[in-house]
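Read the structure below first, then the notes.
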Amino acid sequence: MKCIPNVEVARLVFYLMGNKQGFVLWNPMIYALAQHDHGEEGIQMFDDMVGNGLRPDKITLVVILNACRSCGGWAQVT
């Protein structure tokens, strides 16, 4: 049985989660977006994460680099 990833379902689950003060939600969601050609949205999510007061960890930085790469070039991370 082949599993087809559904980024829409993952995004819905992410937004339905209450407390988003941990990397356990942000990093995998940004990574999933990057892996499925939604790098710009992943970069926006990174901006939202930082805007919510979370400081990126080592894994976040690797994930955001993947998101930049999936944009077809280096995107500007603010």
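Coordinate-derived values only; no laboratory data. What you see is a predicted model, and the numbers here were worked out from it, not measured in a lab. Note that we place each Cβ from the backbone using ideal geometry, even for glycine, and neighbour counts take in every protein chain shown.
Computed values, structure above
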item: FRET efficiency, Arg69 to Val24 (Cβ-Cβ, R0 30 Å, nearest 0.05); result: 0.85
item: Approximate spin-label separation Ala10-Gln44, in nm, with each point projected 7 Å along Cα-to-Cβ; result: 1.7 nm
